[in-house]
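Accompanying notes for the structure given below.
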Amino acid sequence: MGLWVRSKTSLGRTQEGRMKLGGGRIPALPIALILLLCVTPWCDGGKRGGHRRQGGLHGRRHGRFGGKCVVANGMTYRGTVSVTKRGRTCQRWDSQTPHQHTKTPAKYPKAGLEQNYCRNPDGDHGGVWCYTTDPGKKWEHCDVPTPGKLFGRRRGGLRFLRNDWVNSPTAYFRPHQALFQFPTDIPSGTTILALGRNCISRLEAQNLESLPDLEVLLIPVNKIAYIESEAFSHVPKLNKMNLAFNQLTDFPWRHMQAQTSLTYLDLAGNSLTSLPSDAFEFLPAMRELRIMDNKLRSMPPGIFDGVPNLKTVYMKGNPWQCDCEFLSAYNTFPPAITLQLSNPSMTCSSPWQHMNQLVSMVAHGEQKC
């Protein structure tokens, strides 16, 4: 039995060969396993031995992006990355210097072969690539997520980047960079900012004051413990914000006057202990809220009043104290929210007679208050 493989040579040509299974050093594998290996995405540093790439997703000024897991071949990628994963500058597609080639804009009019941007006109399984300006290296793959898993499956919402975010010319990505401070070189026209899995500890007003067009802010899995009260006053177009798995004990709820367009807020995995009764006074457009895995024990009654579009609230993993105060507040939640909360994950931590019981069951049970 054999498995046909295809690869590019150093001259850019394609060669085919048969890899025999069951002999030599390669043991015979069930066909199902072979197919699984072929179609399952390979991630850097994963369990299947993928090599670990240095660096990560960079902004436009750095000229390079880098994903943690390639899930498509990138034929639809139309971003502006123009540097290979090993740091070589790309050669223009309409140029034959220093390397001659046949992948020209005239022969591939629908492949987006603009300037020297990384592309995949021939459907290479390794993803987007380009010819390089290095005379000693004809072509090389680029490090671009397509769309790529940015923050992993388990930590933080918005787990997968949308194609239009990755390909957006106004996106700035720098996760996995060991950043201890907020970047100062973010272009003023940035609409999507992603700084996940760094070591940023503070979020101040000056960090966002030059980003009036910002719509998506993704900073999960950092060490943010302090947010200045006016931090979001300069980003009135903000629509989605992810600050999950930081070290927040408080959030500037009463200073969100500018966020009338915010629809998604993820504060999961922090250390919030309480929410004020007017937390959503300035967030009328909210549709989804994630506050699971904090240290919340109770909620004020009527907290979700005045937020008609809020239908999805994740609250599991908090040490809910199912006393009369909290249960009374729970019964003031809109029906759409209580229906969504009625699942095995939101349970009571105290008092002892209700420990591990569903909050929804206790709230509608025979509890006497």
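The values are calculated or read from the model by the stated rules, or taken from the named source; none is laboratory data. Since the model is a prediction, treat every value here as computed from it, not as a measurement. Because the Cβ atoms are built from the backbone with ideal geometry, glycine has one as well, and the counts that use them run over all protein chains shown.
Return the pairs, sorted by first residue and then second, in which the second residue is among the acidic types (Asp, Glu) and loosely packed, with under 15 Cβ neighbours inside 10 Å, the first residue lies in segment 315-340 and is closer than 8 Å to Pro301 by Cα, the beta carbons are less than 7 Å apart, and the residues are 6+ apart or on different chains.
Filtered contacts from segment 315-340: no entries.
So that you can scan it fast, the table gives a plain yes or no per residue for (1) crowded, with 22+ Cβ neighbours inside 10 Å; (2) part of a strand (DSSP E or B); (3) under 11 Å from the mean Cα position of the chain (by Cα); (4) at pLDDT below 90:
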position: Gly126; (1), (2), (3), (4): no, no, no, yes
position: Asp134; (1), (2), (3), (4): no, no, no, no
position: Glu140; (1), (2), (3), (4): no, yes, no, no
position: Phe151; (1), (2), (3), (4): yes, no, yes, yes
position: Ser168; (1), (2), (3), (4): no, no, no, yes
position: Ala178; (1), (2), (3), (4): no, no, no, yes
position: Ser188; (1), (2), (3), (4): no, no, no, no
position: Pro212; (1), (2), (3), (4): no, no, no, no
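If Leu217 passes every condition in (1) in contact with a helix residue (DSSP H, G or I) (Cβ under 9 Å, 6 or more places away or on another chain); (2) in a loop (DSSP other than H, G, I, E, B) but one, which one does it miss?
(2)
Show the residue pairs meeting these rules: Cβ distance below 8 Å; 6+ apart or different chains; first residue within segment 287-312 and on the phi > 0 side of the Ramachandran plot and modelled with pLDDT of 90 or more; second residue of a type in the set (A, V, I, L, M, F, W, C) and outside any strand (DSSP E or B).
Sorted first by the residue in segment 287-312, then by its partner, the pairs are Asp293/Ala268; Gly302/Ala329.
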